[in-house]
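Here's the structure, in structure tokens; my notes come after.
The values are calculated or read from the model by the stated rules, or taken from the named source; none is laboratory data. From a predicted model like this one, the values you see are computed outputs, not experimental measurements. Neighbour counts run over all protein chains shown; Cβ positions are idealised from the backbone, glycine included. Please note that ligands, DNA and RNA were not included when accessible areas were found on the heavy atoms of the full protein model with its side chains. Shrake-Rupley method; radii C 1.70, N 1.55, O 1.52, S 1.80 Å.
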Amino acid sequence: MGFFCYIVECVDGTLYTGWTTDVTRRVKMHNAGRGAKYTRMHRPVRLVYSEKLRTRSAAQKRELEIKRMPRAKKIALIKKLVISNQ
């Protein structure tokens, strides 16, 4: 089992960061209105970033690290992932 930190983009362009053990399931939950309170009011969402980590603690720490980043830095992180996957 893995742990993931992820970012979804909401329909209004805002970004939400969280952690999970199953990114696909979690995004489906957000879109079904059973995810975080924030995404319930800003759906649908689409996955724009995910990062696999070794432990739950590491995923939670990374989530907090990303949440503390300014928006511009989060967008740079997302773009870096897109470029590396091409």
Taking the stretch 25-53, which residues are of a type in the set (S, T, N, Q) and free of Cβ contacts under 8 Å to residues at least 40 places away in the same chain? Asn31, Thr39
Take Arg54 and tell me if it is of a type in the set (D, E, K, R) and either touching a Gly at 6+ places or on another chain (Cβ under 6 Å) or loosely packed, with under 13 Cβ neighbours inside 10 Å (or both). yes
How about the stretch 1-31: which of its residues are among the small types (Gly, Ala, Ser) and either in contact with a Gly (Cβ under 8 Å, 6 or more places away or on another chain) or modelled with pLDDT of 95 or more (or both)? Gly13, Gly18
Out of everything in the stretch 1-20 that is open to solvent by 50 Å² or more (accessible area, probe 1.4 Å) and not charged (D, E, K, R), what residue ends up being farthest from Arg54 (Cα to Cα)? Val11
Scanning the stretch 42-77 for residues that are within 15 Å of Val8 (Cα to Cα), small (Gly, Ala, Ser) and touching a strand residue (DSSP E or B) at 6+ places or on another chain (Cβ under 6 Å) gives Ser50
